[in-house]
Amino acid sequence: MTNIAAAVALMAAQIGAPLPAEAPAVVVPVTSAKLVPAKKPVVTAASSYVSGTGYVSGSGFVHCSSGWMSGSINLNGNLTVNGADGVRGTVPVNGWVHLSGSCQNGGGFANGSASLNGWGTLYGRDGRRAGSVRLDGTVFVNQHVSGQHVFINQYANLSGWFTPEN
């Protein structure tokens with residue numbers, strides 16, 4: 001029997017037509033299904049409030065005159081942020097504090113509120129960029145000043161908003 005006759009017999013078997021007695025056996029190929037492993041869903045962090053903690057520091061000069069001192073100091077630091085779903089990163093922040101207070105013999109206690117802000121990138125557990133975060137907040141500084149030079153190293157806890165990448 002030729003290939004043409006075998007093909008005709010195969011088509012006849014597929015549509016249910018009767019085959020002659022001398023027809024060859026028809027083998028219908030069966031397609032095999034392959035198992036494909038399910039992909040793990042990509043977990044992305046959702047928008048959320050976050051907080052950043054760490055130390056901010058700066059140095060500068062204050063002026064003491066007539067029992068009163070004042071001065072402005074620039075503060076900088078890198079705050080650690082741990083967000084939902086394991087995202088984390090370090091965010092640089094900066095701002096200014098205006099110190100004022102009473103002084104005697106060139107020294108005394110000065111205090112003021114520092115407005116700090118910054119933004120940075122947070123990364124997922126896999127090390128890939130997860131999104132960005134903006135931190136803002138106010139830190140109260142109470143500092144002893146001896147002479148005109150002051151050094152500030154202040155703990156800060158700022159809050160902010162995490163925005164995931166799409």
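The values are calculated or read from the model by the stated rules, or taken from the named source; none is laboratory data. For clarity, every value in this text was computed on a predicted model and none was experimentally measured. For neighbour counting, all protein chains shown are included, and Cβ atoms are generated from backbone atoms with ideal geometry for every residue, glycine included.
Look at the stretch 118-139 and say how many of its residues are touching a helix residue (DSSP H, G or I) at 6+ places or on another chain (Cβ under 7 Å) and either hydrophobic (A, V, I, L, M, F, W, C) or over 14 Å from residue 46 (Cα atoms) (or both).
Of the residues in the stretch 118-139, 1 are touching a helix residue (DSSP H, G or I) at 6+ places or on another chain (Cβ under 7 Å) and either hydrophobic (A, V, I, L, M, F, W, C) or over 14 Å from residue 46 (Cα atoms) (or both).
Would you confirm, using the coordinates I've provided, whether residue 159 is farther than 13 Å from residue 62 by Cα, touching a Phe, Trp or Tyr at 6+ places or on another chain (Cβ under 7 Å), without any contact (Cβ under 8 Å) to a residue 40 or more places away in the chain and in a strand (DSSP E or B)?
No: the conditions fail for residue 159.
Which count do you get for residues in the stretch 102-123 that are out of contact with any Ser or Thr (no Cβ under 8 Å at 6 or more places or on another chain) and of a type outside the set (Phe, Trp, Tyr)?
6
Condition (residue is surrounded by 13 or more Cβ atoms within 10 Å (Cβ to Cβ), modelled with pLDDT under 95 and part of a loop (DSSP other than H, G, I, E, B)) applied to the stretch 47-54: is it met by at least one residue?
No, there is no match, as no residue in the stretch 47-54 is surrounded by 13 or more Cβ atoms within 10 Å (Cβ to Cβ), modelled with pLDDT under 95 and part of a loop (DSSP other than H, G, I, E, B).
Any residue in the stretch 47-70 that's touching a residue at least 40 places away in the same chain (Cβ under 8 Å) and closer than 13 Å to residue 109 by Cα: show its pairings with residues that are assigned to a strand (DSSP E or B) and polar (S, T, N, Q) at Cβ separation under 6 Å, as long as the two are six or more apart or on different chains.
70/100
Can you go through 113, 66, 70 and tell me which one is surrounded by 15 or more Cβ atoms within 10 Å (Cβ to Cβ) and of a type in the set (S, T, N, Q)?
Only one candidate qualifies: 70.
Condition test on residue 91, is it assigned to a strand (DSSP E or B) and either in contact with a Phe, Trp or Tyr (Cβ under 8 Å, 6 or more places away or on another chain) or closer than 20 Å to residue 127 by Cα (or both)?
yes
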